[in-house]
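Please read the structure below before turning to the comments.
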Amino acid sequence: MSDRYSFSLTTFSPSGKLGQIDHALAAVNAGVTSLGIKATNGIVIATEKKTTSPLIESQTLEKITRITPDIGIVYSGMGPDFRILVDKARKQAHQYKNIYGEYPPTRMLVQDIASTMQGATQSGGVRPFGVSLLVAGYDDNQGPALYQIDPSGSYFPWKATAIGKGSTSAKTFLEKRYTENLEIEDAIYMALMTLKEGFEGEMTEETVEVGVVRDDAGLNGEGLTIVGWEGKKGPKWNKLSKEEVRDYLDQI
């Protein structure tokens, strides 16, 4: 009986479910583990980066990327769907900047991405996006923020969360170790230790990506500054280099 509804995106089953969204979540759960941790002074997002063949140029693959100078994003699920959502999010962010002279707050950009994903659940002839996203950003008014967006278009703010194949064990690990007064350096170590718990094979700087939003990165901090603009805050988002990741891995 349930099979009658599993192929229709726009028809609810008697139990109130849309079968294709459940299938999209299955695609997410088949993807590699990604996680995010909110600290008092920033956000860390991290993910496994594995290739299907040693012949692939691994440096061309990117699972964590920048949307605006203060917002980064990571996914679990289908890479091509992620690429489309990133392109749309960047366009929306620049349209906002052209009108208001600044990039959108994290929550507003998350709402735009979630609306795009939700729109793919209400029309015949399309399918839901087969990805879940973790969005890390920083606003001058709201501070650091971490959001998860699912294929249904629903989104939630989190202190720490995980998506993908190892999300259940990763969340259990985080629940036992997360504290409200966690600082960004400790959050980076915790993210790597959480990934290591369920990691298959050797964990190296080639198989892990880490992105960081720091509230001190723009002005006299560790991130980029804007040359020639005294006191002007620069980008708060930064993706760790392989050398930086190796240094952190050597200490866990």
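Which of ALA26, ALA114, ALA39 moves most in a GNM of the chain, Cα contacts under 10 Å?
ALA26
Using r as the Cβ-Cβ distance of ASN141 and MET203, and R0 as 45 Å, what FRET efficiency do you calculate, to the nearest 0.05? Walk me through the numbers on the way to the answer.
Numbers: r = 37 Å, r/R0 = 0.83.
Once the sixth-power term is evaluated, E becomes 0.75.
Return, ordered by residue number, the residues of the range 131-151 whose backbone nitrogen is under 15 Å from a label point located 7 Å along Cα→Cβ of ALA26.
131
Out of LEU240, LEU18, ILE45, whose Cα points farthest toward the positive end of the dipole of the chain (charges: +1 Lys, Arg; -1 Asp, Glu; placed on Cβ)?
The listed residue farthest towards the positive side: LEU18.
About the Cα centre of the chain, how large is the charge dipole given +1 on each Lys and Arg Cβ and -1 on each Asp and Glu Cβ? Please answer in debye to the nearest 20.
Details: 27 positive and 32 negative charges, 187 e Å.
For this selection, approximately 900 debye.
Considering the options LEU61, ALA114, GLY101, tell which one lies farthest towards the positive end of the dipole of the range 57-119, charges being +1 on Lys and Arg and -1 on Asp and Glu at the Cβ, about the Cα centre.
GLY101
Name the long-range amide H neighbours of THR40: under 5 Å, sequence gap of 5 or more, or other chain; modelled H, no Pro or chain starts.
Answer set, sorted by chain and number: LEU182, GLU183, ILE184.
Can you pull the one-decimal nm distance between simple spin-label points at GLN59 and THR11, each 7 Å off the Cα toward Cβ?
With each label point 7 Å from Cα toward Cβ, the separation is 5.2 nm.
GNM, the chain, Cα, under 10 Å: largest mean-square fluctuation among ASN29, ASN141, ASN41?
Most flexible of the set in this elastic network: ASN141.
Roll a 1.4 angstrom probe over the protein heavy atoms and tell me the percent of accessible area of the chain that is carbon or sulfur. Walk me through the numbers before you get to the answer.
On the way: 6430 of 13150 Å².
The C+S portion of the solvent-accessible surface of the chain is 49 percent.
Taking a 23 Å limit on the Cα-Cα distance, which of the listed pairs LYS17/LYS159; LYS63/LYS242; LYS176/LYS236 fall beyond it? Mind dumping the intermediate values first?
Numbers: LYS17/LYS159 28 Å; LYS63/LYS242 14 Å; LYS176/LYS236 29 Å.
Beyond 23 Å between Cα atoms: LYS17/LYS159; LYS176/LYS236.
Based on the alpha carbons, how large is the Rg to Rh ratio for the chain when Rh follows Kirkwood? Walk me through the numbers before you get to the answer.
Values: Rg = 18.6 Å, Rh = 18.9 Å.
When Rh is taken as the Kirkwood radius, the ratio is 0.98.
Tell me what the chain gives for mean residue ellipticity at 222 nm when only DSSP H runs of n ≥ 4 count, each as -39,500 (n - 2.57), the sum divided by the residue total, rounded to 500 deg cm²/dmol. Spell out each step's value before the answer.
Working: 7 runs with 84 residues, N = 252.
So the helix-based figure for the chain works out to -10500 deg cm²/dmol.
Please compute the length gained on full extension between GLN122 and SER169, using 0.36 nm multiplied by the number of residues separating them and subtracting their Cα-Cα distance. Walk me through the numbers before you get to the answer.
Working: separation 47, 0.36 × 47 = 16.92 nm, distance 3.27 nm.
Value of the extension gain: 13.7 nm.
Between GLU180 and GLU243, what's the calculated FRET efficiency when r is the beta-carbon distance and R0 is 22 Å? Round to 0.05. All intermediate terms of the calculation are to be shown ahead of the outcome.
Numbers: r = 31 Å, r/R0 = 1.42.
According to the calculation, E is roughly 0.10.
For the chain, which span is the longest to avoid every loop-located (per DSSP) member of chymotrypsin sites (Phe, Trp or Tyr not before Pro) having at most 14 other Cβ atoms inside 10 Å?
Details: sites that count: PHE7, PHE12, TRP229.
The longest such stretch corresponds to 13-228.
List the aspartates and glutamates whose Cα lies under 18 Å from the Cα of LYS97, skipping any in the same chain that are fewer than 8 positions away.
ASP70, ASP87, ASP112, ASP139, ASP140
The values are calculated or read from the model by the stated rules, or taken from the named source; none is laboratory data. Values in this document were obtained by computation on a predicted structure and should not be read as measured data. Here the Cβ is made from the backbone with ideal geometry for all residues, glycine too, and neighbour counts use every protein chain on show. Quick note on the areas: whole protein, heavy atoms, side chains included, nothing else; ligands and nucleic acids left out. Shrake-Rupley method; radii C 1.70, N 1.55, O 1.52, S 1.80 Å.
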